[in-house]
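One structure is given below, encoded as structure tokens.
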Amino acid sequence: MENNDDFFQKFDYSKEPKSHSNSVLSTILVSFISAIIGAVCAVLIYTNVTANNTGKEVAAVDSSSTSSNNSSQFTNPNLTQVSLSKYSDTAIYAANKVLPSMVSISVEYQISYFGRTQTASGSGSGIIISEDGYILTNNHVISSADTSSFYQVSDATSIKVSIYGDDTEYTAQVVGTDSETDLAVLKIDKTGLTAAELGDSSSVQVGEFVLAIGDPYGLEYSVTAGIVSALNREMNVDDTTYHVIQADCAINSGNSGGALVNSKGQVIGITTLKLAGTGIEGVSFAIPINNTTDIYKELIEHGKIARPFIGIAGLDLDESTAIRNGLTKGIYVDSVVEDSSAEKAGIKAGDVIVKVDGQSVYTMDELNAIKDTKNIGDEIEITLYRRNEEITIKLTLGEK
């Protein structure tokens with residue numbers, strides 16, 4: 001306190017005349033006091049304004065906003081806070097609506113190699129499509145058969161199904177499979193199930209909100225969210241062309257056969273494919289649900305899809321390759337299936353097909369597109385070249 005007393009004693013206003021330093025100090029004190037008074041006034045004015053505006057600008061901000069957010073609202077009239085509560089509520093609603101219709105699928109099969117056999121397992125997802133136990137999934141989830149010179153993989157020896165919210169594991173029977181559409185139908189012995197509501201995939205729009213539900217890496221009933229990235233995307237896998245919905249939802253191994261769901265909780269697709277690799281994120285694909293209805297109904301009724309069948313294995317022959325080999329641009333017949341319609345009609349390996357019913361064809365996709373408009377037993381006319389000679393053959397379509 002002494003030092004403070006000594007300091008202030010140097011400025012005895014009652015005894016010393018005003019000097020320049022006294023004037024400066026007075027000015028500083030006055031400014032300081034004025035600043036304090038101004039700050040007090042500003043606080044009072046701000047408090048009054050805030051009170052007057054309660055229920056107006058502040059009411060437009062989500063109730064969870066902090067005072068700092070409210071302050072930003074006043075200092076920047078162009079800044080607004082958007083509530084995500086409706087987005088969250090939509091996702092919660094859609095997920096809870098469809099989850100009771102989801103199943104987890106576990107598959108066991110045998111792998112034989114070098115004289116040894118061992119049991120292997122896989123997993124996937126499925127969707128309940130009827131209250132009496134029919135389940136829609138991907139064919140590749142349950143069909144594992146494969147053979148090479150080194151190993152042989154059997155068909156599924158066991159298929160087990162778990163239902164969301166039910167601890168019981170049910171044995172499933174294969175009702176029917178279709179490798180061309182990668183769809184399959186299973187059946188479990190249980191009634192009173194919650195069938196999923198199917199939407200209209202023809203009305204889906206790019207940018208639309210979607211959920212993907214499945215069992216990635218065994219994490220049962222996982223829900224991921226995103227948007228529709230593209231429609232009618234053409235993807236070719238193992239010589240099969242799919243027209244699919246592209247979305248940016250995260251899907252992984254185990255999601256196959258699961259549901260792509262819209263904001264109404266309706267299934268609009270069956271999650272089937274994804275792009276994978278370094279630097280690839282959020283590129284997934286689903287079979288449009290409208291493309292599955294006729295297939296699964298026929299699988300339930302007949303156990304298979306009856307399709308017209310020609311009976312050839314063909315290679316697309318472009319013009320440069322054809323010229324280089326002294327052939328004609330078209331479809332090169334690599335092999336003919338024994339006892340097929342093609343063999344019966346006289347088609348031989350080495351022929352080059354150029355027309356079907358008078359329409360030019362240059363690829364197997366074009367040939368199959370025409371064939372798929374026909375019925376089993378229909379007759380078609382095939383124009384081909386054999387050793388530079390044009391030949392026309394009539395062929396009756398068989399059943400695959």
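Results, tabulated for the structure shown:
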item: Overall form of region 114-174 per C-alpha gyration tensor (a/c, 1.5; a/b vs b/c); result: prolate
item: Distance violations [Cα-Cα > 21 Å] among Lys355/Lys394; Lys297/Lys400; Lys274/Lys297; result: Lys274/Lys297
item: Positive-end residue, region 201-302 charge dipole about Cα centroid, Cβ charges, pick of Tyr217, Ser263, Ser202; result: Ser263
item: Neighbour-count ranking [beta-carbon atoms within 10 angstrom, fewest first] of Tyr87, Tyr134; result: Tyr87, Tyr134
item: Neighbour-count order for Leu231, Leu193, fewest beta carbons within 10 angstrom listed first; result: Leu231, Leu193
item: Simple spin-label estimate for Ala369 and Ala195 in nanometres, 7 Å along Cα-Cβ; result: 3.5 nm
item: Förster radius 35 Å - calculated FRET efficiency between Val153 and Ser202 (Cβ-Cβ, nearest 0.05); result: 0.40
item: Simple label model, 7 Å out from Cα along Cβ direction - Lys97 to Ala313, nm; result: 4.7 nm
item: Region 324-353 residues near the modelled Ser360 label - backbone nitrogen below 14 Å, point 7 Å along Cα→Cβ; result: 328-331
item: Residue exposure sequence - Asp167, Asp182, Asp318 - by fewest surrounding Cβ within 10 Å; result: Asp167, Asp318, Asp182
item: Zone residues, region 169-207, relative to Asp132, backbone N less than 14 Å from point 7 Å out along Cα-to-Cβ; result: 187-193
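The numbers here are math on the coordinates, done by the rules we state, and not lab data. Predicted model only: the values in this text are computed from it and were never measured. Note that each Cβ is placed from the backbone with ideal geometry, even for glycine, and that neighbours are counted across all protein chains shown.
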